[in-house]
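**Q** Pasting a structure here, questions to come.
The values are calculated or read from the model by the stated rules, or taken from the named source; none is laboratory data. These numbers were taken from a predicted model, which means no experiment stands behind them. Cβ: placed from backbone, ideal geometry, glycine included. Neighbour counts: every protein chain shown.
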Amino acid sequence: MTIVPIPAFSDNYIWMLEREGRVAVVDPGDANPVLAVLQERGVILDTLIITHHHFDHTGGVRALKEKTNCRVVGPDNPKIEGIDEKLGDGDIVHVLGYDFAVLEVPGHTLDHIALHCADESVLFCGDTLFVGGCGRVFEGTYPMMQSSLAKLAALPPETAVYCTHEYTLANLAFARKVEPDNEDLLAHASKCERMRAENIPTVPSTIGRELEINPFLRWSSPAVIAQLTHEGRFEGGSPAEVFGAVRAWKDEG
Ligand SMILES: [Zn+2]
């Protein structure tokens with residue numbers, strides 16, 4: 001599977017999958033950069049995949065559909081115009097001959113879905129899981145978001161994580177406050193700083209890497225729990241409460 005980023009707005013990646021002259025595009029917040037790439041590469045737009053209703057993920061749907069007559073798959077949410085195939089938990093959607101399993105991952109929004117292609121070890125997760133971070137919990141609750149992240153954390157460690165924003169350096173700066181002595185985190189932060197200095201995307205990551213460095217997945221880590229306790233932010237409780245304490249801390253800054 002060939003996957004390339006189309007940069008949009010200030011820090012969005014619109015991911016494009018290409019197979020034999022046809023492409024699928026994930027979360028086209030803006031039609032113009034997508035149309036430019038279609039023309040430049042001489043490829044046909046087959047499918048748009050939408051992860052949730054936010055405008056920076058859906059703003060280009062109408063124009064792309066009008067211009068190319070592509071199909072649109074995404075959440076069952078009437079707020080999103082133009083969805084041809086509504087997807088829910090457990091569905092399998094075929095895109096360019098690949099099978100993607102649909103996971104409902106509410107929290108950032110209530111309609112948020114992620115798509116996992118097990119054959120190619122690829123995950124498109126929108127604004128749910130970021131490199132070193134996770135989406136803000138706008139519509140759901142902390143326990144809901146933690147349970148959604150737990151679904152993603154349970155995928156095979158080699159799964160490539162394609163999220164929609166380049167928020168990595170800010171996320172890792174916060175992660176270092178939560179786990180100042182995590183060697184994997186410090187090494188990954190240095191690597192990502194070098195990549196960004198050369199304007200290289202830090203996405204994709206992998207599930208295995210995120211389990212090592214991402215404080216929003218490390219609700220079982222004694223070091224995370226000790227730091228939250230030391231900061232007066234946690235007095236014992238479930239993984240959802242550990243997650244909630246980390247998320248509340250990040251939301252302050
Ligand atoms: Zn969003």
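**Q** Does segment 101-121 contain any residue that is closer than 30 Å to Ala245 by Cβ and among the small types (Gly, Ala, Ser)?
**A** Yes, that holds for at least one residue.
**Q** Something else: Right, Pro204: loosely packed, with under 15 Cβ neighbours inside 10 Å, away from the ligand (no atom under 16 Å from the Cβ) and modelled with pLDDT of 95 or more or not?
**A** Working: loosely packed, with under 15 Cβ neighbours inside 10 Å: no; away from the ligand (no atom under 16 Å from the Cβ): yes; modelled with pLDDT of 95 or more: yes.
Considered against the rule, which asks whether it is loosely packed, with under 15 Cβ neighbours inside 10 Å, away from the ligand (no atom under 16 Å from the Cβ) and modelled with pLDDT of 95 or more, Pro204 comes out as no.
**Q** Among the numbered criteria (1) at negative phi; (2) in contact (Cβ under 8 Å) with a residue 24 or more places away in the chain; (3) of a type outside the set (Asp, Glu), which one does Gly132 miss?
**A** Gly132 satisfies every listed condition except (1).
**Q** Now, a different point. Out of segment 113-165, which residues are surrounded by fewer than 16 Cβ atoms within 10 Å (Cβ to Cβ) and of a type in the set (S, T, N, Q)?
**A** Hit for segment 113-165 is Thr141, nothing else.
**Q** Follow-up question, since we're still on this one. For segment 17-92, which strands (runs of 3 or more DSSP E) that fit wholly inside it have 3 or more residues that are surrounded by 15 or more Cβ atoms within 10 Å (Cβ to Cβ)?
**A** Details: elements: 22-26, 44-49, 71-75, 85-87.
Correct list: 22-26, 44-49, 71-75.
**Q** Another question, if that's okay. Here are Gly59, Gly97, Gly82: which of them is within 15 Å of the ligand (Cβ to nearest atom) and farther than 18 Å from Tyr162 by Cβ?
**A** The match here is Gly59.
**Q** Next up: Please state which one of Phe124, Phe130, Phe138, Phe174 is aromatic (Phe, Trp, Tyr) and more than 16 Å from the ligand (Cβ to nearest atom). Let's see the steps before the verdict.
**A** On the way: Phe124 fails: more than 16 Å from the ligand (Cβ to nearest atom); Phe130 fails: more than 16 Å from the ligand (Cβ to nearest atom); Phe138 fails: more than 16 Å from the ligand (Cβ to nearest atom).
Only one candidate qualifies: Phe174.
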